[in-house]
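> Have a look at this one.
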Amino acid sequence: MSRTGRVLVLGGTGEARRLATALVAEDVDVLSSLAGRVADPRLPPGEVRIGGFGGAAGLAAWLTEHTVDVVVDATHPFAATMTASAAAAAEVARVPLLRLQRPGWTAQPGDDWRWVDSLEAAAAAVAGFDRVFLTTGRKGLAAFAGLTAHCLVRSVDPPDPPLPARTTVVLERGPFSLDDELALLREHAVQVVVTKDSGGAMTAAKLVAARELALPVVLVRRPALPPGVPTVATVDDAVAWLCRR
Ligand code: NAP
């Protein structure tokens, strides 16, 4: 791999950390960018910057000022604003862009999955249940604020109000084991699980646990990717793409 270029990795995911690790091991000049949402983030090796860029225009200006040679957007599949900004900014600044996005989850025999297009639609889909497990993350919980069910919310940092009136918060960071997920679902007598289609192994155990307990799962579909941006699904494929350049 050429060791002259500077790679900006838009991060906040395990894939972004693993990509930074692989690039640092290859002696590549890598700068990882985090939004700064999590109080105590797991930092990747190499240089790290924290905080937004000021939209697509801000990122375009930043890319030009900081002489970045290539951008890898390895943000979460639901970080749609950042992904759209990266696509627009890379075009304006004429910097090559690669999207690294892990595949979504696939239903297995025995799963009762109910797909919806938004958090609001997920809230409507669980209206008939009494005990709901919300694993959609801290952001966007306002969509569920009107629920009268008992809601179990799991997030890394404490969620901001408004929350459902009867909410129990569990502060935990993945990965989660199947045994732990089964115990949590049983302890809180969960009747339905709500999740985004984040994909990946780190948080997939809740889906297996739901299957074993014959619980329905409401899944929020991913936002569409910006057209025309080359996309890979694994860190190895991202490294190979960078090597080819
Ligand atoms: P978002 O809605 O797409 O982005 C909101 C704003 O946050 C962006 O416009 C940008 O601010 C800033 N931002 C986001 N990612 C950034 C990054 N890697 N570096 C610098 N600024 C960034 O994103 P989000 O859903 O709030 O996610 C924030 C971070 O958490 C991302 O890094 C994402 O990978 C991670 N994450 C998200 C989820 C999720 O479910 N959404 C789950 C796990 C991890 P400016 O416009 O000012 O540049």
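> Restricting the search to region 27-55, which residues are of a type in the set (D, E, K, R) and more than 24 Å from Gly5 (Cβ to Cβ)?
Answer for region 27-55, where residues must be of a type in the set (D, E, K, R) and more than 24 Å from Gly5 (Cβ to Cβ): Arg37, Asp40, Arg42.
> Which pairs have Cβ atoms under 9 Å, sit 6 or more apart or on different chains, and link a residue in region 64-88 that is over 14 Å from Thr231 (Cβ atoms) to one that is polar (S, T, N, Q) and near the ligand (Cβ under 6 Å from one of its atoms)?
Note: pairs meeting the criteria are His76/Thr13; Ala79/Thr13; Met82/Thr75.
> Still on this structure, I have one more. Of the residues in region 5-36, how many are out of contact with any His (no Cβ under 7 Å at 6 or more places or on another chain) and either of a type in the set (Asp, Glu) or in contact (Cβ under 8 Å) with a residue 40 or more places away in the chain (or both)?
19
> Here's a follow-up. If you take the residues in region 207-245 that are outside any strand (DSSP E or B) and within 16 Å of the chain's Cα centre (by Cα), which one is farthest from Ser118 (Cα to Cα)?
Val235
> Please list, ordered by first then second residue, the pairs with beta carbon atoms under 7 Å, 6 or more apart or interchain, first in region 48-61 and at pLDDT 95 or above, second part of a loop (DSSP other than H, G, I, E, B) and near the ligand (Cβ under 6 Å from one of its atoms).
Gly52/Ala35; Leu59/Phe53
> Hey, could you check region 92-112 for residues that are hydrophobic (A, V, I, L, M, F, W, C) and not in a loop (DSSP other than H, G, I, E, B) and say which is nearest to the ligand (Cβ to nearest atom)?
My answer is Leu100.
> Show me the strands (runs of 3 or more DSSP E) found entirely inside region 116-184 where at least 1 residues are aliphatic (A, V, I, L, M) and exposed (fewer than 13 other Cβ atoms within 10 Å of the Cβ).
Of the strands (runs of 3 or more DSSP E) lying wholly inside region 116-184, those with at least 1 residues that are aliphatic (A, V, I, L, M) and exposed (fewer than 13 other Cβ atoms within 10 Å of the Cβ) span 166-171.
> Is it the case, given these coordinates, that Ala89 is more than 20 Å from the chain's Cα centre (by Cα) and either within 12 Å of the ligand (Cβ to nearest atom) or among the small types (Gly, Ala, Ser) (or both)?
yes
> Among the residues of region 182-207, count how many are more than 24 Å from Ala121 (Cβ to Cβ) and either more than 13 Å from the ligand (Cβ to nearest atom) or in the same structural domain as Gly12 (by TED's automatic domain parsing) (or both).
8
> Check Ser198 against each of (1) surrounded by 20 or more Cβ atoms within 10 Å (Cβ to Cβ); (2) assigned to a loop (DSSP other than H, G, I, E, B); (3) over 16 Å from the mean Cα position of the chain (by Cα) and name the one condition it does not meet.
(3)
> If I filter region 36-67 down to residues being under 14 Å from Gly11 (Cβ atoms), of a type in the set (A, V, I, L, M) and more than 8 Å from the ligand (Cβ to nearest atom), which single residue comes out as surrounded by the most Cβ atoms within 10 Å (Cβ to Cβ)?
Val48
> Could you go through region 20-31 and let me know if any residue there is small (Gly, Ala, Ser) and assigned to a loop (DSSP other than H, G, I, E, B).
No, region 20-31 has no match at all.
The values are calculated or read from the model by the stated rules, or taken from the named source; none is laboratory data. Keep in mind that this is a model prediction, so the values were computed, not measured. Note that each Cβ is placed from the backbone with ideal geometry, even for glycine, and that neighbours are counted across all protein chains shown.
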